[in-house]
Each structure stands twice: as C-alpha cells, then as structure tokens.
Amino acid sequence: MSPSIIALTITSIIVLIGSLLGFLARFHHKMDLEQWTVAGRGFGLVLVWLLMAGEIYTTFTFLGASGWAYSRGGPVLYVIGYAPLMYVVSFYILPPVWEVGRKHGLQTQADFFQVRYGSKYLAAFVALVGVVFLIPYLQIQVTGLGLIVEVASFGGIHRSLAMIIGVSLVAGFVFVSGIRGVAWVSVIKDALLLATVLFIGIAIPRIYFGGIGKMFAALASAKPDHLVMPGSTTNLGHLWYVSSVFMTAVGFYMWPQYFAATFTAKSAKIIQRNAIIMPLYSITMSLVLFVGFCAVLVLPNLSNGDLALLTLVRKTFPAWFLGIIGGAGALTAMLPAAIQLLAGATLYAKNLFRPIFAPRMTDQQVAGLARIMVFVLTLGALFFAIFTSVSLVSLLMLGYAGVAQLFPGVILGLFSKRVTTAGVFAGLIIGISIAALLMLTGHDPYYGLNAGFIALGINFTVTALVSAVTPVRVGGFEQPSLAMSASTASSSNRV
Amino acid sequence: MTRPSIGSILLGLIPFAATCFSVSLWDRIHPMIFGLPFNFFWLVLWLFLTPVCMWGAYHCEVSRTKGDRGEEGSSR
C-alpha cells in the first residue's frame with residue numbers, strides 16, 4: 001500500500017468512529033430544545049471538562065500556535081499566558097451565570113442579556129454579534145480541516161472534498177444529538193490529541209536535537225531574538241502582550257458557545273472545579289509550541305507557517321502515524337465547529353428570529369428552525385472556505401475583540417445594581433465599532449496596545465457614563481415578570 | 001448575585017500579576033531552566049501554580065457559603 005492510502009485509511013477510521021459516537025449520543029434522550037442545547041443541565045465534572053477542553057482546543061490553536069512559534073517567535077508566549085488567566089476569570093463569572101441559567105431556564109448567552117436587561121433588542125443584538133463572529137471562527141475550522149486532511153493524505157484528497165465530507169458529518173451529528181453529541185466526540189478527540197501531542201512534542205526535539213533543552217540551546221545561539229518579544233515581528237512587544245493577554249483572558253468566555261457549555265453542568269461547583277484544573281490542560285499547548293520552535297531550525301523558509309507542525313510530522317514519522325495525527329487534527333477541527341454551529345443556530349432561532357420576526361413561534365418550532373439553521377450555517381462556512389481566497393484570520397481576530405465587548409454587560413449585570421440597559425447597549429455598540437474600525441484599517445496594535453483592549457476600555461467608560469445618567473429599568477435577576485417566556489415553564493420542572 | 005470574597009479575588013489576582021502585568025521582568029532567555037528559556041519556563045510554571053491559587057480561592061468561597069447558608073452549596 002502506498003503511504004497515502006495508509007494515512008488516509010487511518011484518518012478516515014478515526015473520523016468515522018468519532019462521528020459515530022456523536023450520532024449515538026442521542027440514545028435514551030428525547031431531543032427537545034432543552035436537551036439539544038444544554039443536555040438537560042445534567043453533565044458532571046468529566047463531561048463538562050471534555051466539553052470545555054474539546055471546544056477550546058481548536059485548529060486555530062493547534063496549527064496557529066505552532067505557526068506563530070515558527071513565524072513570529074516570542075510573542076506566541078501570549079497563548080500560554082492568557083490560557084490560565086481566562087480560567088481564573090471563568091472561576092468568578094461562570095458559576096453565577098450558571099445559577100441564573102438554572103433559575104430562569106437560560107439556554108443561550110443572549111437569553112442572559114434578555115433576562116438581566118429586559119430588552120429583546122439588546123438580546124437580539126447580542127445574538128447577532130455572536131452569529132456574525134461565529135461564522136469566521138467556523139470557517140477557520142473548516143479550512144483547517146481541509147488543510148489537515150490534505151497534508152495527512154499526501155495530497156491524495158483535495159481539501160475541498162475533505163471539507164465537504166468532514167463538515168457534513170459534523171452537521172449530521174449536531175442535528176441528531178445536539179450538545180450531547182459534541183461532548184461524546186470530545187472523549188475520543190481529547191484522548192487522541194493528548195497522546196499525539198505529548199508524543200510529538202517530546203519526540204521531535206529529541207530526534208533532531210537530542211532533547212528539548214538542546215533544541216532551545218541551539219535556537220538561543222542561532223536566533224536569540226526569536227525567543228523573546230517582539231521576536232521576529234516589529235510591533236508585538238511587551239505592551240502588546242499585557243493588553244492582549246488581559247483582553248483575551250476577560251473576553252474569552254464571552255464566546256457564546258462557552259455559555260451554552262456552562263449551562264450543561266449540573267451544579268455550579270462543577271464549573272468551579274473545572275476552572276481550577278483546566279490550566280493543567282494547557283501544558284499540551286506548550287508541547288505544540290516546541291514543535292513550532294523546532295521547525296524554525298529544521299524547516300526554514302516555509303511559505304505558510306501554519307503548516308509547520310504538519311509538515312514536520314510528515315517529514316519525521318511513517319505514514320500510519322501521520323494518519324493518526326490527521327485523524328486527531330480533523331476531530332480537533334470538527335468538534336469546535338460542532339459547538340459553534342449549535343450555538344450560532346440556537347442564537348439565530350431563539351434570540352434573533354423569534355423575538356423580532358415571529359413572536360408566536362412555539363418552542364418546538366424554534367427547535368426545528370435551529371436545526372435547519374445548522375445546515376444553513378454549515379453551507380455558509382463551506383462556501384467561504386472553498387470560494388474565498390481571502391484569509392479570514394483577520395476577521396477571527398476581530399471576533400475575539402468583538403465578543404470581548406460583551407464583558408461589561410456580563411460582569412456588571414452580575415455584580416452591579418446601577419448598570420442600565422441603555423448603558424450596556426451604548427458601550428457594546430461603541431466598543432465593537434472601535435474594535436472594527438481599528439482592526440479592519442490595519443491599526444492593530446494601535447500605539448503598541450491591542451485594539452480590542454482599547455475598545456474594551458472605551459466600552460467600560462461609555463457603559464459607566466451612560467448608566468450614570470439613565471434610569472435603572474431592571475436592577476437584577478429577581479423580576480419574575482421579565483423571565484423567559486415559554487421555555488422557563490417547560491424546563492423548570494426538569495431541574 | 002453575591003460577590004466573591006476579597007480573599008478569593010486576591011488569590012485570583014496573583015496569576016494575573018505573575019504572568020500578565022510583570023512581563024518585562026521575566027521575558028528573557030537566561031537563565032535556562034529544565035532546558036527551557038526563562039520566559040517559557042516561567043509561564044509553564046504558572047500553569048501549575050494557577051490551579052494552586054484557584055484551589056485556595058475555591059476553599060475561601062466554600063467556607064463562606066457554608067457559613068452563610070448551611071449545606072445549601074453542596075452539589076446533588
């Protein structure tokens with residue numbers, strides 16, 4: 001058998017087993033909206049951990065982080081800088097978010113804004129922000145999936161075909177099993193990823209240099225500037241590091257899919273314990289960085305830094321091992337794509353379409369529309385991935401900065417009685433506009449600072465100023481009249 | 001919502017101080033420790049120390065919840 005066939009067969013088997021698990025996850029569960037979106041709020045520590053770890057470790061971190069280590073050097077440290085800190089932030093924010101979620105039957109991030117601020121327009125706007133920024137995130141996963149399978153099959157499968165097959169499987173198991181499917185696919189994905197990353201992170205430096213220490217020693221004498229900030233860039237210095245790490249740490253859990261994952265837990269303690277142990281999982285990230293740094297000396301002059309990890313693995317190991325990496329990598333793309341699809345589809349149906357266009361829709365119709373939206377969003381992401389040549393990485397960077405602008409609304413909503421609906425709305429709009437203006441005109445970083453960080457600062461200021469001069473309409477989560485409409489009643493008896 | 005206690009917030013600020021705001025103090029190659037450049041070593045070290053801080057914060061919160069509301073905080 002040719003190496004291409006061997007690698008491809010193994011990759012396909014892994015992807016199929018993973019997807020099968022996703023389809024089977026629905027067994028014994030009636031898939032109403034509550035089960036589909038938040039699994040009836042019944043997940044324990046292990047499933048919540050798998051879900052959170054599975055979602056956070058995306059192709060963007062897998063290929064992107066090693067790519068940054070390769071092409072930019074020192075600034076990549078921000079990845080292991082923000083990772084533990086975002087869990088610190090989640091430790092304080094997610095448990096109260098979970099509690100509000102259980103009390104009011106929340107299923108989406110926009111539901112949170114609806115209940116706290118009592119404005120369906122604010123909630124719809126939050127949903128719109130989520131859906132708009134999820135699309136480039138989704139597209140990145142799809143593109144990454146295509147790249148991984150193409151490299152792992154030695155070019156035997158064209159990336160478009162790989163994308164279509166992979167994404168159809170994802171849409172299929174999301175449609176059938178909802179978030180339960182995502183959690184169960186994580187089992188196989190996390191196990192494989194952990195094992196392969198541990199292995200290549202240790203083996204590759206050993207094969208080429210005799211060990212991690214020797215590899216860094218060689219790099220430190222050949223290219224000392226590459227290992228500290230700003231590395232091989234001119235503008236990613238210390239000020240950029242502090243502002244980026246801070247902005248990402250507070251903004252990361254503002255991605256709507258992590259709210260959904262939070263609501264799946266069966267108690268707030270599970271969320272807290274999860275936040276405590278998650279930083280340990282980021283150790284795997286540093287191993288990915290080893291591979292990227294290795295590639296600097298072993299494979300100089302790669303045109304696309306994002307391919308550094310895959311190319312080095314292909315050069316070093318036999319075909320069957322490349323097949324395993326291909327399978328792990330493909331699942332690493334499919335899993336976050338699945339939860340992004342789920343979150344985007346639910347936000348659209350529940351918080352954007354129903355309140356604005358069809359207030360009479362029943363929960364069952366919303367569930368039906370959300371499931372149809374899974375396929376619409378899938379087709380959209382596929383279209384962008386196959387037919388647009390522009391890299392959407394810049395849009396994703398804008399997405400990170402954009403969703404971070406929801407932070408004032410969430411944290412002040414939880415802990416302040418003085419914040420007003422108008423204040424949050426004004427701050428959010430101005431924050432997103434400033435982030436978009438700076439980033440799309442190429443002004444990120446701006447005077448050395450992360451553009452999203454600047455936008456967040458202005459956002460907070462505007463929220464505070466407008467809140468000071470507008471009356472408080474809703475002071476907390478206690479008003480039952482403002483609770484969610486039909487869904488609360490149907491879910492409360494199951495809690 | 002009840003706000004987190006001062007003790008638990010202070011514990012949460014330690015990792016921020018150590019890995020975010022203090023970058024110019026540790027962003028250098030030497031001394032290399034366990035074969036890692038110092039900046040890399042420092043951040044990996046905090047992947048282990050952050051859970052320790054948050055474990056402390058967790059116990060701050062748990063003891064406070066018990067004092068306030070009896071056993072209500074324990075999971076089912």
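Every number in this text was worked out from the coordinates using simple rules, so none of it is lab data. Quick caveat: nothing in here was measured; it's all calculated off a predicted structure. No Cβ is skipped: glycine too gets one built from the backbone with ideal geometry, and neighbour counts run over all protein chains shown.
Overview of results
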read-out: Span from the the stretch A:44-64 Cα centroid across to the the stretch B:2-39 one, whole angstrom; value: 23 Å
read-out: Paramagnetic reach from A:R418 (point 7 Å along Cα→Cβ, amide N under 16 Å) across the stretch A:437-469; value: A:460-469
read-out: Fully extended contour minus Cα-Cα distance, from A:T441 to A:W320, at 0.36 nm per residue; value: 39.1 nm
read-out: Over the stretch A:3-394: Rg over Rh, Cα atoms, Kirkwood Rh; value: 0.97
read-out: Order by protection proxy (mean Cβ within 10 Å, highest first), peptides A:228-238, B:24-34, A:425-435; value: A:425-435, A:228-238, B:24-34
read-out: Size of charge dipole - chain A - debye, nearest 20, with Cβ of Lys, Arg +1 and Asp, Glu -1, no other charges; value: 740 debye
read-out: Separation between Cα centres of the stretch A:327-366 and the stretch A:148-209, rounded to whole Å; value: 22 Å
read-out: nm² value of the averaged projected area, convex hull over the Cα atoms of the stretch A:405-475; value: 4.4 nm²
read-out: Spin-label model distance (nm) - A:S221 vs A:A203, 7 Å beyond Cα toward Cβ; value: 2.8 nm
read-out: Other protein chain Cβ atoms within 10 Å, averaged over every residue that makes up A:269-277; value: 4
read-out: Estimated translational D of the stretch B:7-65 in µm²/s (Stokes, Kirkwood radius over Cα pairs; 25 °C; 0.890 mPa s); value: 197 µm²/s
read-out: Cβ crowding within 10 Å averaged over residues, with B:38-47, A:320-329 ranked highest first; value: A:320-329, B:38-47
read-out: Separation between Cα centres of the stretch A:241-266 and the stretch A:115-142, rounded to whole Å; value: 14 Å
read-out: The stretch A:145-187: C-alpha pair distances exceeding 11 Å, %; value: 64 percent
read-out: Distance (nanometres) between label positions extended 7 Å along Cα→Cβ at A:F383 and B:L25; value: 5.3 nm
read-out: For residues of B:42-53, the mean tally of beta carbons on other chains within 10 Å; value: 6
read-out: Residues with amide H under 5 Å from that of A:Y446, placed H, sequence gap 5 or more; value: A:A451
read-out: Shielding by other protein chains, A:79-90, mean Cβ within 10 Å; value: 5
read-out: Modelled FRET efficiency - R0 22 Å, A:S2 with A:V187, Cβ distances, 0.05 increments; value: 0.10
read-out: 21 Å tail of the calculated P(r), the stretch A:88-236, as % of Cα pairs; value: 71 percent
